[in-house]
Amino acid sequence: MASLKELKGRINSVKSTQKITKAKQMVAAAKLRRAQANAEAARPYAARLAEVMGSIASKVVVSENSPKLLAGTGKDQVHLLVVANSDKGLCGAFNSNIVKAAILAAKDLQAQGKTVLFYLVGRKGRAVIRRNYPNAILASFDTTDVREPGFAEAEKIAAELVSLYEAGKFDVAHLFYAKFKSALAQDPTQLQIIPVPAPKAVAADTGAVVEYEPEEEAILAELLPRYLRTQLFGALLENQASEQGASMTAMDNATRNAGELINKLTIQYNRSRQAAITTELIEIIAGAEAL
Amino acid sequence: MALHFELVTPARLVRSEDVHMVVVPGAEGEFGVLEGHAPFMSTVRDGAIKVYRTENGQPEEIQVQGGFAEVGANGLTVLAEHVEG
C-alpha cells in the first residue's frame, strides 16, 4: 500500500498532466478550425486547375515528345515514396498511421522487385523509416522552422522533386498523407504524383472550339509542374487539418483518462486516510482502557 | 453587359465580380476580354492585370505571377500562384 504522501504526489502529478492535455486539446480545436478554413479556401483553385488539366490532357496525345512529367521515364523501377508527417507529437496515431501505410506500400513494391526510396516531409516518422530502411532515404524536407506549411513550402518541395526526377533518381513518385474526413477519422492516403496521372476529362463538351495560346502542348508543359505544386499544397493542408483533428481527439481521450485516474486515486487516498485515523483511534482507546 | 471575372490563388479566391473589361498580359501578348468572348485559354506572363470596372473608368492593376487564364461560358478565370495586394 502506498503511503498517503505518495498518493498525494501521484494525484498532483496526474492533475498537472491533465492540465497539459486539456490545454493542448483546446489549442488543437482552435487550430483545426483555421486549418479547415484554409483547406476550404484552397479548393476552388485546385478544382479549376484539375478541370483545365482534364480538358487539355484529353486533347493531347501522350507520345515520346510529351513532357516527362506526364509521360513518365518509360521505366517503372525506382519508386519514391513522399511521406508527409507533422513536426509535433501529441496527436495520437496520426503520424504512425501514415508511416505504416508508407511502409506497407514499400514492402509491397519491394516484393514486386522494385527499388524503394523515401522523401520525408516533417520531423515525425523520420526515425521509424530510418530504422526500417536505413539507406533508402533520398532526401527530406524540414518544416520545423515554419509555423504552418503553406504554398511556399509546397513550391520548394515540388521543385526539389522535379529536379530529382529530371536527374533520373526515380521513375514514379507516390505521396502519402492523411486525408481529413472529420476530427475523429483521418484516412492515410496514397496518391501517385509523378508521372502526373491525367485527370479525368470532364465531358462538358459545350461544342465551342477553345482557342489555345500558345498551343496545347506548351500550355500543358507549363501546367504540369503547377498541378504538382497544387497537389502537394492540398496534401499539406489536409495533413494539417488531420493533425489538429487527431490531436484534438487524442487529447480529449487523455483528459478523460486522467480524470478517471484522479478519481480512482482520490478514493484510494481517502480510504487509506480513513484507515489511518481508525487505527489511531483504536490505539488511543486501547491506551485509555489500559489505564 | 458585364463580364464575370474571377481571380484565384492556391490560398484563396481573390476576386469574383462583374466588371466591364479585363486586360490580361498573355504569354504571347496582352489581350482584353469583354463579355461574350470566344472560349480561349492562355498562359499569363508575370505582370499586371488591368481591371476596368466601367467603360471609361480608370483601370485597377493587380500584379500576378505564374498565371493562367481561361475564358469560358461563365466568364474569365485567372489562376495565379502569387497575387500582390
Can you name the strands (runs of 3 or more DSSP E) wholly within region B:1-70 that have at least 1 residues being on the phi > 0 side of the Ramachandran plot and within 14 Å of chain A (Cβ to nearest Cβ)?
-> B:29-33
Within region A:128-172, the residues that are free of Cβ contacts under 8 Å to residues at least 40 places away in the same chain, hydroxyl-bearing (S, T, Y) and either part of a loop (DSSP other than H, G, I, E, B) or within 16 Å of A:N85 (Cα to Cα) (or both) are A:Y133, A:S140
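Checking the structure you have, find out if any residue of region A:96-104 is at pLDDT 90 or above, within 21 Å of A:P197 (Cβ to Cβ), over 15 Å from the mean Cα position of the chain (by Cα) and surrounded by fewer than 18 Cβ atoms within 10 Å (Cβ to Cβ).
Yes; the residues of region A:96-104 include at least one that is at pLDDT 90 or above, within 21 Å of A:P197 (Cβ to Cβ), over 15 Å from the mean Cα position of the chain (by Cα) and surrounded by fewer than 18 Cβ atoms within 10 Å (Cβ to Cβ).
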Name the single residue, out of those in region B:21-58 being touching a Lys or Arg at 6+ places or on another chain (Cβ under 6 Å) and at pLDDT 90 or above, that is nearest to A:L220 (Cα to Cα).
-> B:P25
Yes/no for A:L232 being modelled with pLDDT under 90, assigned by TED's automatic domain parsing to the domain that holds A:A178 and not acidic (D, E) = no
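Does any residue of region A:39-50 turn out to be outside any helix (DSSP H, G or I) and facing another protein chain (nearest Cβ under 10 Å)? Reasoning before the result, please.
Within region A:39-50, the subset outside any helix (DSSP H, G or I) is A:42.
This time we only want the ones that are facing another protein chain (nearest Cβ under 10 Å), so: A:42.
Scanning region A:39-50 turns up at least one residue that is outside any helix (DSSP H, G or I) and facing another protein chain (nearest Cβ under 10 Å).
Looking at A:V78, A:V52, which is the one that is of a type in the set (V, I, T) and either without any contact (Cβ under 8 Å) to a residue 60 or more places away in the chain or closer than 28 Å to A:V128 by Cα (or both)? Don't jump to the end; show me each part of the working.
Numbers: A:V52 fails: either without any contact (Cβ under 8 Å) to a residue 60 or more places away in the chain or closer than 28 Å to A:V128 by Cα (or both).
Answer to the selection: A:V78.
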Note: among A:A39, A:A2, just one is within 30 Å of A:L184 (Cβ to Cβ) and either within 22 Å of the chain's Cα centre (by Cα) or at pLDDT below 85 (or both), namely A:A39
A:A173 touching a Pro at 6+ places or on another chain (Cβ under 6 Å), crowded, with 19+ Cβ neighbours inside 10 Å and not hydroxyl-bearing (S, T, Y) = no
Restrict the check to region A:247-265 and report whether at least one residue is over 30 Å from A:G72 (Cα atoms), touching a strand residue (DSSP E or B) at 6+ places or on another chain (Cβ under 8 Å) and in a helix (DSSP H, G or I).
-> no
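The values are calculated or read from the model by the stated rules, or taken from the named source; none is laboratory data. Quick caveat, the model's predicted, so the values are computed rather than measured. Every residue, glycine among them, receives a Cβ derived from its backbone with ideal geometry; neighbour counts consider all protein chains shown.
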